[in-house]
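Asks: One structure, pasted below without further comment.
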Amino acid sequence: GNSVTQMEGPVTLSEEAFLTINCTYTATGYPSLFWYVQYPGEGLQLLLKATKADDKGSNKGFEATYRKETTSFHLEKGSVQVSDSAVYFCALTNSGGGADGLTFGKGTHLIIQP
Amino acid sequence: GAGVSQSPSNKVTEKGKDVELRCDPISGHTALYWYRQSLGQGLEFLIYFQGNSAPDKSGLPSDRFSAERTGGSVSTLTIQRTQQEDSAVYLCASSLPSGSGQDTQYFGPGTRLTVL
């Protein structure tokens with residue numbers, strides 16, 4: 001079956017630091033990959049996605065590249081802000097979700113200190 | 001337009017009682033999903049509806065859980081004879097048709113269920 005593994009944290013960084021949150025996956029076929037973010041007191045929001053190998057998803061300064069050879073989709077940001085403090089979830093789906101839905105990692109709690 | 005809405009936002013119930021959780025998807029979204037978010041299990045997929053088609057119920061955690069979708073829009077997740085391990089946040093998501101290439105799932109704010 002499908003699975004997603006990501007560092008759980010909490011990850012604590014200072015403002016303007018470089019961020020990497022690792023995500024690796026196991027899936028059949030060619031899944032689509034996602035990063036979702038959950039800000040304190042808010043619902044899950046899509047941050048970025050990539051649907052095929054070597055695609056790069058980007059949004060709000062965050063980037064992730066779909067690496068099929070290493071089955072990874074690491075999230076990066078060059079300079080984090082306090083407002084980036086949230087829980088980040090890596091996820092995948094086969095064939096657009098459907099009967100299998102999204103498979104999520106456990107989530108990484110990110111804390112940015114001023 | 002409006003996003004996915006869920007009600008109630010919080011529900012506290014006693015063990016053994018039945019509860020109903022409601023989801024209103026984004027207008028025009030034919031695909032609807034239910035997930036459960038708990039400390040121990042993380043985010044788990046429960047069930048998926050595509051339009052009015054019968055759902056695949058194999059992801060539901062027990063036969064106390066059921067879900068229906070009326071008129072291809074609003075969905076209700078029902079938990080019968082609630083147990084303390086059912087305590088979690090129940091999330092609903094909707095999307096354009098699965099496999100359409102524009103099927104990003106948009107999530108509601110969730111219903112926090114506490115079983116005493």
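Asks: Is it the case that B:S38 is within 14 Å of chain A (Cβ to nearest Cβ) and either among the small types (G, A, S) or out of contact with any Gly (no Cβ under 8 Å at 6 or more places or on another chain) (or both)?
Replies: yes
Asks: Is it the case that the stretch B:82-92 has a residue that's over 19 Å from B:L116 (Cβ atoms), among the hydroxyl-bearing types (S, T, Y), surrounded by 19 or more Cβ atoms within 10 Å (Cβ to Cβ) and touching a strand residue (DSSP E or B) at 6+ places or on another chain (Cβ under 7 Å)?
Replies: Residues of the stretch B:82-92 that are over 19 Å from B:L116 (Cβ atoms), as a first pass: B:91-92.
After this cut, where a residue has to be among the hydroxyl-bearing types (S, T, Y) as well, the list is none.
No: the stretch B:82-92 contains no residue that is over 19 Å from B:L116 (Cβ atoms), among the hydroxyl-bearing types (S, T, Y), surrounded by 19 or more Cβ atoms within 10 Å (Cβ to Cβ) and touching a strand residue (DSSP E or B) at 6+ places or on another chain (Cβ under 7 Å).
Asks: Failed condition for B:K15, given (1) within 25 Å of A:G105 (Cα to Cα); (2) touching a helix residue (DSSP H, G or I) at 6+ places or on another chain (Cβ under 8 Å), with all others met?
Replies: Exception for B:K15: condition (1).
Asks: Pick from the stretch B:10-52 the residues that are closer than 24 Å to B:Q84 by Cα, touching a residue at least 12 places away in the same chain (Cβ under 8 Å) and among the aliphatic types (A, V, I, L, M): which of them is surrounded by the most Cβ atoms within 10 Å (Cβ to Cβ)?
Replies: B:L43
Asks: Looking only at the stretch A:13-68, filter to residues that are of a type in the set (D, E, K, R) and in a strand (DSSP E or B); which one of those is nearest to A:Q113 (Cα to Cα)? Can you show your working first?
Replies: Taking the stretch A:13-68 and keeping what is of a type in the set (D, E, K, R), we get A:15-16, A:42, A:49, A:52, A:54-56, A:60, A:63, A:67-68.
Checking the rest, the ones that are also in a strand (DSSP E or B) come to A:49, A:56, A:63, A:67.
Values: A:K49: 27, A:K56: 28, A:E63: 21, A:R67: 31 Å.
In this case the residue turns out to be A:E63.
Asks: Given the structure, is A:L19 buried (at least 18 other Cβ atoms within 10 Å of the Cβ), of a type in the set (A, V, I, L, M) and at negative phi?
Replies: Yes; evaluated as a whole, the condition is true for this residue.
Asks: Check the stretch A:56-79 and report whether any residue there is of a type outside the set (A, V, I, L, M), touching a Phe, Trp or Tyr at 6+ places or on another chain (Cβ under 9 Å), within 13 Å of chain B (Cβ to nearest Cβ) and without any contact (Cβ under 8 Å) to a residue 40 or more places away in the chain. It would help to see each step written out before you state the result.
Replies: Our first condition is that a residue be of a type outside the set (A, V, I, L, M); within the stretch A:56-79, this holds for A:56-63, A:65-74, A:76-79.
Then drop every residue that is not touching a Phe, Trp or Tyr at 6+ places or on another chain (Cβ under 9 Å), which leaves A:56-57, A:59, A:62, A:65-68, A:71-73, A:76-79.
Cutting the leftovers down to within 13 Å of chain B (Cβ to nearest Cβ) gives us A:57, A:59.
Next, only the ones that are without any contact (Cβ under 8 Å) to a residue 40 or more places away in the chain stay: A:57, A:59.
Checked against the condition, which is being of a type outside the set (A, V, I, L, M), touching a Phe, Trp or Tyr at 6+ places or on another chain (Cβ under 9 Å), within 13 Å of chain B (Cβ to nearest Cβ) and without any contact (Cβ under 8 Å) to a residue 40 or more places away in the chain, the stretch A:56-79 yields at least one hit.
Asks: Being touching a helix residue (DSSP H, G or I) at 6+ places or on another chain (Cβ under 8 Å), more than 24 Å from A:S3 (Cβ to Cβ) and at pLDDT 90 or above narrows it down to one of B:I79, B:I26, so name that one.
Replies: On the way: B:I26 fails: touching a helix residue (DSSP H, G or I) at 6+ places or on another chain (Cβ under 8 Å).
After applying the criteria, what remains is B:I79.
Asks: Oh, and also: Filter the stretch A:76-104 down to the residues that are in a loop (DSSP other than H, G, I, E, B), buried (at least 19 other Cβ atoms within 10 Å of the Cβ) and modelled with pLDDT of 95 or more and list them by number.
Replies: Hit for the stretch A:76-104 is A:V80, nothing else.
The values are calculated or read from the model by the stated rules, or taken from the named source; none is laboratory data. Predicted model, so just to flag it, every value in this text is computed and none were measured. Virtual Cβ from ideal backbone geometry, glycine too; neighbours counted across all protein chains shown.
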